[in-house]
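The values are calculated or read from the model by the stated rules, or taken from the named source; none is laboratory data. Bear in mind that the values here come from a model prediction, so they are computed numbers and not experimental data. Counting neighbours? That spans all protein chains shown, and the Cβs are built from the backbone with ideal geometry, glycine included.
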Amino acid sequence: MISLKAELERINKETLHKLDQLKTMEELQDLKVKVMGKKGSLTALLKQMGRLSPEERPIMGQMVNEVRAKFEEAWEAKAKQLDQLALSARLEEEKIDITLPGIRLPKGNQHPLSMVIEEIEDIFLGMGFTIAEGPEIETDYYNFEALNLPKDHPARDMQDTFFITEDILLRTQTSPVQVRTMEKMKPELPVKIIAPGKVFRHDDDATHSPMFHQVEGLLVDRGIRMSDLKGILLYFSRQMFGESREIRLRPSFFPFTEPSAEVDVSCMLCGGEGCRLCKNTGWIEILGSGMVHPRVLEMGGYNPQEVTGFAFGMGVERIAMLKYGIEDMRLLFDNDIRFLKQF
Ligand code: DAH
């Protein structure tokens, strides 16, 4: 009995001491097994109680129970403490300082070409035009024939065409949308649309790109005159390039208009005095235009005896270059972030 008591005392002291020292949940679980498991120290002690007399056994049993209860209590407390420590360590790790400045994400902005297209659209929408669209892969018929450019017409050479087959091509201009729109709308009046979009031609240098953008315009109604064209283009030019701009119409040739005119705007850099931009002429060409050719009205399903119309077509890159003073068209397609950031 004496030796068992001493042994119990030793186990009690030792386990409580170990419990105090240990630092992890694993160690804690380990200790429980070492004390109360099948081969644990307390378990081993209980097994030796058979050697005691019947009077001694309950006394010893009670003492063992007390030691076990104390150990269990201390064990639970330690477990709680370790849990707390782990939790606060995790909280510490996850702590965020909400007063720190945030990470600024780089902000994108619109491409200058998109900006210019939107601006052109806004100006014409304000005058009651609607927006029409047509396919970029076009037939020879709409790109040329319906625009009064029959096969073998010499004016087809004005535009270097990417052909896909003999009859299918990448449109060289947005003008085919004129006839497509008239076909769809006839006999409704007025036909009053602009058609922005990509066009394709076989050249590539500082002022030409194989893909570029145009905005086409078409107004067909009873009694449309050249002065209507002039008024609308003057209004457009002043909205786009400034209130003090003037325009002039120069006689020109396009197969789908008669008469045809190229439109110049007074130089936005020098105001007409003459400078490098306008090559000392005071004027800058911005678009082609004219009165819709009777043949084209017919192809669109309208009677040229009853209606007249005007049309125009402008290059968006050219307008953007003039508006922002961009000297090389390729800058608009290189997507160099240092360039794009300036808009
Ligand atoms: N389609 C012509 C071109 O690409 C531009 C043009 C000129 C369009 C006169 C028109 C117009 O509608 O009337 O060069």
Practice task
Answer yes or no as to whether SER209 is under 33 Å from the mean Cα position of the chain (by Cα) and either modelled with pLDDT of 95 or more or among the acidic types (Asp, Glu) (or both).
Solution key: no
Practice task
Answer with yes or no whether MET25 is in the same structural domain as ALA77 (by TED's automatic domain parsing) and touching an Asp or Glu at 6+ places or on another chain (Cβ under 9 Å).
Solution key: yes
Handout entry: Residue count for region 278-308, restricted to those that are part of a loop (DSSP other than H, G, I, E, B) and touching a strand residue (DSSP E or B) at 6+ places or on another chain (Cβ under 9 Å)
Key = 8
Exercise for the section: Output yes when any residue across region 100-113 is surrounded by fewer than 15 Cβ atoms within 10 Å (Cβ to Cβ), more than 28 Å from HIS202 (Cβ to Cβ) and in contact (Cβ under 8 Å) with a residue 24 or more places away in the chain, and no when none is. Expected result: yes
Exercise for the section: Test SER260 against the criterion of being within 16 Å of LEU147 (Cα to Cα), touching a strand residue (DSSP E or B) at 6+ places or on another chain (Cβ under 6 Å) and buried (at least 19 other Cβ atoms within 10 Å of the Cβ), and give yes or no. Expected result: yes
Practice task
Under 6 Å between Cβ atoms, at least 6 apart or on separate chains: pull out the pairs that start in region 1-19 with a residue that is touching a residue at least 24 places away in the same chain (Cβ under 8 Å) and end on any residue that is of a type outside the set (A, V, I, L, M, F, W, C).
Solution key: MET1/GLU56; ILE11/SER41; LEU19/LYS78
Fill in the blank from the handout: Flagged in region 206-250 as surrounded by 18 or more Cβ atoms within 10 Å (Cβ to Cβ) and assigned to a helix (DSSP H, G or I), in numbering order, are LEU229, ILE232, LEU233, PHE236, SER237, MET240, PHE241
Fill in the blank from the handout: Of the residues in region 116-142, those that are surrounded by 19 or more Cβ atoms within 10 Å (Cβ to Cβ) and not in a helix (DSSP H, G or I) number 4
Practice task
Give just the number: which of (1) of a type outside the set (Phe, Trp, Tyr); (2) closer than 30 Å to PRO176 by Cα; (3) surrounded by fewer than 18 Cβ atoms within 10 Å (Cβ to Cβ) does GLY288 not satisfy?
Solution key: (3)
Exercise for the section: Assess whether GLU216 counts as being in contact with a His (Cβ under 6 Å, 6 or more places away or on another chain) and among the charged types (D, E, K, R). Expected result: no
Exercise for the section: Sort out which residues of region 1-19 are in contact with a Lys or Arg (Cβ under 8 Å, 6 or more places away or on another chain) and either over 23 Å from ARG57 (Cβ atoms) or not in a helix (DSSP H, G or I) (or both), and write them in order of number. Expected result: LEU16, LEU19
Handout entry: Matching residues, region 162-201, being in contact (Cβ under 8 Å) with a residue 12 or more places away in the chain, more than 18 Å from MET314 (Cα to Cα) and assigned to a loop (DSSP other than H, G, I, E, B)
Key = PHE162, ILE164, GLU166, ASP167, LYS186, PRO187, LEU189, PRO190
Practice task
Confirm whether ALA311 is in contact (Cβ under 8 Å) with a residue 24 or more places away in the chain, crowded, with 20+ Cβ neighbours inside 10 Å and not in a helix (DSSP H, G or I).
Solution key: yes
Problem - Subset of region 299-343 (residues that are among the polar types (S, T, N, Q), more than 16 Å from the ligand (Cβ to nearest atom) and within 30 Å of LEU189 (Cα to Cα)) - result: ASN303, GLN305
Completion exercise
Per the filter on region 52-88, residues polar (S, T, N, Q) and assigned to a helix (DSSP H, G or I) are GLN62, ASN65, GLN81, GLN84, SER88
